[in-house]
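The values are calculated or read from the model by the stated rules, or taken from the named source; none is laboratory data. All values derive from a computational prediction rather than experimental measurement. Cβ sites come from the backbone with ideal geometry, for glycine too, and all protein chains shown count toward neighbours. These area figures cover heavy atoms from the full protein model, side chains too; ligands, DNA and RNA do not enter into them. Shrake-Rupley method; radii C 1.70, N 1.55, O 1.52, S 1.80 Å.
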Amino acid sequence: MSIGNTLYQLTLNAKFQLFNQGEQAQLIYGAFDVVANNLQSSPEETITIQFPVGYKPDRTAMLSTRNYAKQELLSRYQFLAFQQLPANGVVQLVTIIEAMFGDVVRSIIMKFPQKLGAKRSITMQAVLESKSIEDVHIRATDALLNELAYKSPQEFAEALSGLLSINLLECPAFHKYMELKATRDIYIHNRGVANDIYVRKAGTHARVAANQSLPVDIQYFLESYESCLQLNEWLQGKLHDQWYSSELEAAQMASSVSTASSAPLVEESTNTPENQQEPQKAKKPRAATSRKRSKQDNA
């Protein structure tokens, strides 16, 4: 498979993972909604819930029991649906994009190891433990990816520009992703309270000042979801410009044909003479990447 088609498949796979994340979020939200509706219609004012507090050597759960007032339990479900669900979703979105970037860099470096640069070095032990020159490339690439993982999004974009000649800072969605990643870090490392590191990493997209609670709700999740999809599509196009993908071009052509066949060639007009107009030519369809899960995408 050509490097262009490999990169296309990597970005396509990431797009499907994003779609799946959106689908799973909706399914979980729907499940919460069903439970909440059942709870509201229940005549019981006190509900007993069992939950695990440990795990026994015989591989059975150690259970505890708690009695909830109906309104208290409803509040718990509302917290899960409106706060915990979008917060967990944000973590998954960043994980998908980070993995996509890592896969793209790894594939390109393995294809063009000279992009590592003459100054990059690995330990003698790593060289001696390698079974082939390809194994050396893998170890050097792993070391590079480990370095990139600890960089801020701004630093990562600068490093990627040097490696791939693709400037992520030209993509508006990447700047929103920078804030998203900073939010993810705050929820993992600082219990959702912004600090100076968040303000610095988020830049002009910072949503709160340091020492303030950083909100994550369903609207923020959906906005972040859209930004990640836009970033994915932008990167896919830039990679295609650098390393031609016949599969991407075929998908675009199929999308164009589908669009042209489903659109009317002539606008319908009334039969009255005063309203009759000269038939208009059909507009040439734009070869854009469709977000539908088409047969081409599944190939």
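If you place +1 on the Cβ of every Lys and Arg and -1 on the Cβ of every Asp and Glu, how big does the dipole about the Cα centre of the stretch 124-252 come out, in debye to the nearest 20?
520
What FRET efficiency comes out for the pair Ala143/Lys70, r = Cβ-Cβ distance, R0 = 45 Å, nearest 0.05?
Working: r = 56 Å, r/R0 = 1.24.
So the FRET efficiency works out to roughly 0.20.
With a 1.4 Å probe and all protein chains in place, put Thr6, Thr65 in order of accessible area, largest first. Don't jump to the answer; show the numbers that get you there.
Details: Thr6 40, Thr65 80 Å².
Ranked from most to least accessible, the order is Thr65, Thr6.
For the stretch 165-261, report the accessible area per residue in Å² (1.4 Å probe, heavy atoms, rounded to an integer). Before the final figure, lay out the partial values.
Working: 4860 Å² over 97 residues.
I get 50 Å² per residue for this part.
Enumerate the calculated ³J(HN,Hα) couplings along the stretch 153-164 in order (Karplus 6.51 cos²θ - 1.76 cosθ + 1.60, θ = phi - 60°), each rounded to whole Hz, writing x wherever the residue is Gly or Pro.
In residue order, the calculated couplings are x, 4, 5, 4, 4, 5, 5, 5, 4, x, 7, 10 Hz.
Of Glu158, Glu179, which has the most accessible area with a 1.4 Å probe, and how do the rest follow in descending order? Walk me through the intermediate numbers first.
Numbers: Glu158 105, Glu179 10 Å².
Ranking Glu158, Glu179 by accessible area, largest first, yields Glu158, Glu179.
Using a probe of 1.4 angstrom, how much of the accessible area of the stretch 168-209 is carbon and sulfur, in percent?
Numbers: 1170 of 2140 Å².
Heavy-atom surface of the stretch 168-209 belonging to carbon and sulfur, 1.4 Å probe: 55 percent.
Any idea how far the Cα center of the stretch 148-182 sits from the one of the stretch 220-239, in Å?
If you average the Cα positions of each part, the centres end up 13 Å apart.
Once you've got the Cα coordinates, tell me which of Lys70/Lys176; Lys115/Lys181; Lys15/Lys70 are over 32 Å apart.
Details: Lys70/Lys176 40 Å; Lys115/Lys181 27 Å; Lys15/Lys70 40 Å.
As for pairs spanning more than 32 Å Cα to Cα, those are Lys70/Lys176; Lys15/Lys70.
What is the sum of charges, Lys and Arg at +1 and Asp and Glu at -1, for the other residues whose Cβ falls under 12 Å from the Cβ of Asp185?
Details: positive: Lys181, Arg184, Arg191, Arg200, Lys201; negative: Glu98, Glu179.
Every neighbour counted, the sum reads +3.
Can you compute 3J(HN,Hα) from phi for each residue in the stretch 169-174, using the Karplus curve 6.51 cos²θ - 1.76 cosθ + 1.60 with θ = phi - 60°, rounded to whole Hz and x for Gly and Pro?
The phi angles translate into 5, 7, 9, x, 5, 5 Hz.
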